[in-house]
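Quick notes on the structure that follows.
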Amino acid sequence: MRGHSITWILNPTAQRQSPVQVTWWLLLTLTLMTLLPLPAQAKYASLVMDATTGEVLHEVNADTRNYPASLTKMMTLYLVFESLEEGRMGLNDRIKMTKRAANQPPSKLGLKIGQTLSVEDAIRALAIKSANDIAAAVAEHVAGSEEQFALLMTAKARDLGMSNTTFRNASGLPHKAQMSTARDMAKLARAMLQHFPHRYHYFSEQRFSFAGQNYKTHNQLLTNYEGTDGIKTGYIRASGFNLVASVKRGDKRLIGVVFGADDTKSRNKHMVALLENGWAKVAPQLADSQSVKTKKTAQAAKPTKVAQAQVAKAQPSVKAQNNPAAKNGPVVWGVQVGAYKSQDPAYEIAVRAKSIAPNYLAQGDVTVAPLQKKNGHVLYRGRIMGITKTQAYRACKFLEQKKMGCMPLKLSAPLEVASLD
């Protein structure tokens, strides 16, 4: 019966066909199912490329299709830069916030419907803040709709040789058909450098101010790894923690890509290790000239550990989260807004709390903290961490007024944070 049900979906007249015809349709159906792309998995992939020559110096699962998350915004900005070059848009042009764009989930700037911002502010909001509402507004401004803009993105991907990439939105928010690979993202980063060198500086900027608010880059390599001048981080639950990095030393440049890491710290250390190995191949003298801090970071990373893990989901460490009394970590303040039997609702309630109380929680990181109970079950606690004590207490007071449970937290254990980007 199951086979016939599948057959009837593709061919409603199959019920009236002979057994031979039904069997033929079933075989065709199963064949088509094997040809369809499987859903993306948050599996590890990495690649290091010599940006000058295009030579690949390292690759693991480089053609495995996974969710790009906010790495998507690299292509959004590529099309913006192209529009600027062709005179279809100017840096001082105003982009209007629509209802659909304003309703995008965080990370976002939070403009209200009808408010505007300049194209240049929009560029910085995408490159530095990774604002989803601005990505949607830019798409609508350029192409009339985000759906049409996504078609332009995919077409441009094909032009650039990104044969395994499909875009469905401008932000990187979850969509089952929006997938890319480490190799394709390296190609996009290289194309950005080659085609828009005079606009690439936006990816190097570490801070962005808008409407009285200051935003810092998510790309920590810009401040702690010599020569890094871009390019983009990305995270959704389905992807794990992604990063495309570009590093220039002397007249050499490397592009590194990591997909599917389980947290930002291990992702960054692993990227440094991969890049150091790359420098050793193309210019050993440049790898040897690094600061003591960089050398220690590279030595601390173990590339094989990440590769062997093949991380399936960006999930905080149970051990770290369940040991708030650990004495080797700094004090961290946050709030807890719910506890559930599965991870997704815990994550969603934390995201919702952050959107309800942005004045107190906007700078915090969403995390899901598993608690192993004596009966073997796991309780998942939705939290926003990395804020001040004052913000924690004021956020809870505000959320309680909105009929949402909230508890201030003071932890001293190291946290494995699952942030929005």
- Condition check for residue 266: more than 30 Å from residue 110 (Cβ to Cβ), touching a strand residue (DSSP E or B) at 6+ places or on another chain (Cβ under 9 Å) and not in a loop (DSSP other than H, G, I, E, B): yes
- Item | Residue match in segment 379-395 (condition: on the phi > 0 side of the Ramachandran plot and under 22 Å from the mean Cα position of the chain (by Cα)) | yes
- Query: Of all the helices (runs of 4 or more DSSP H) wholly in segment 322-421, which have at least 3 residues that are at pLDDT below 90 and in contact with a Gly (Cβ under 7 Å, 6 or more places away or on another chain)?
  - Reply: 343-356
- Query: Does residue 291 count as modelled with pLDDT under 95 and under 23 Å from residue 180 (Cα atoms)?
  - Reply: no
- Can you give me the number of residues within segment 151-208 that are assigned to a loop (DSSP other than H, G, I, E, B) and either surrounded by 20 or more Cβ atoms within 10 Å (Cβ to Cβ) or of a type outside the set (Phe, Trp, Tyr) (or both)? 24
- Message: Filter segment 357-393 down to the residues that are closer than 20 Å to residue 106 by Cβ and surrounded by fewer than 18 Cβ atoms within 10 Å (Cβ to Cβ) and list them by number.
- Response: 358, 359, 363, 388
- Verdict on residue 315 being in a loop (DSSP other than H, G, I, E, B) and at pLDDT below 95: yes
- Query: Does residue 208 fit the bill of being in contact (Cβ under 8 Å) with a residue 40 or more places away in the chain and farther than 29 Å from residue 368 by Cα?
  - Reply: no
- Item | Among (1) more than 28 Å from residue 178 (Cβ to Cβ); (2) surrounded by fewer than 21 Cβ atoms within 10 Å (Cβ to Cβ); (3) not aromatic (Phe, Trp, Tyr) - the single one residue 278 does not satisfy | (2)
- Note on the structure: Just one listed residue, out of 69, 101, 122, is crowded, with 20+ Cβ neighbours inside 10 Å and more than 13 Å from residue 138 (Cβ to Cβ), and it is 69
- Message: I'd like the full set of residues that are free of Cβ contacts under 8 Å to residues at least 24 places away in the same chain and not polar (S, T, N, Q), limited to segment 388-403.
- Response: 393, 397, 400, 403
- Task: Within segment 209-253, count every residue that is part of a strand (DSSP E or B), of a type in the set (Val, Ile, Thr) and under 21 Å from residue 196 (Cα atoms).
- Result: 5
- Given (1) closer than 17 Å to residue 195 by Cα; (2) at pLDDT below 95, index of the condition residue 106 fails: (1)
- Query: If we keep just the residues of segment 125-149 that are surrounded by fewer than 24 Cβ atoms within 10 Å (Cβ to Cβ) and polar (S, T, N, Q), which is farthest from residue 113 (Cα to Cα)?
  - Reply: 148
- Message: If I ask for residues that are surrounded by fewer than 19 Cβ atoms within 10 Å (Cβ to Cβ) and over 25 Å from residue 279 (Cα atoms), which ones from segment 209-231 would you list?
- Response: 209, 211, 212, 213, 214, 216
- When both residues are 6+ apart or on different chains and their Cβ atoms are under 7 Å apart, which pairs have a first residue that lies in segment 268-290 and is closer than 13 Å to residue 228 by Cα, and a second that is of a type in the set (Val, Ile, Thr) and at pLDDT 95 or above? 271/258; 275/48; 275/247
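The values are calculated or read from the model by the stated rules, or taken from the named source; none is laboratory data. Since this is a predicted model, take the numbers as computed values, not measurements. Positions of Cβ are generated from backbone atoms using ideal geometry, with glycine treated the same way; all protein chains shown enter the neighbour counts.
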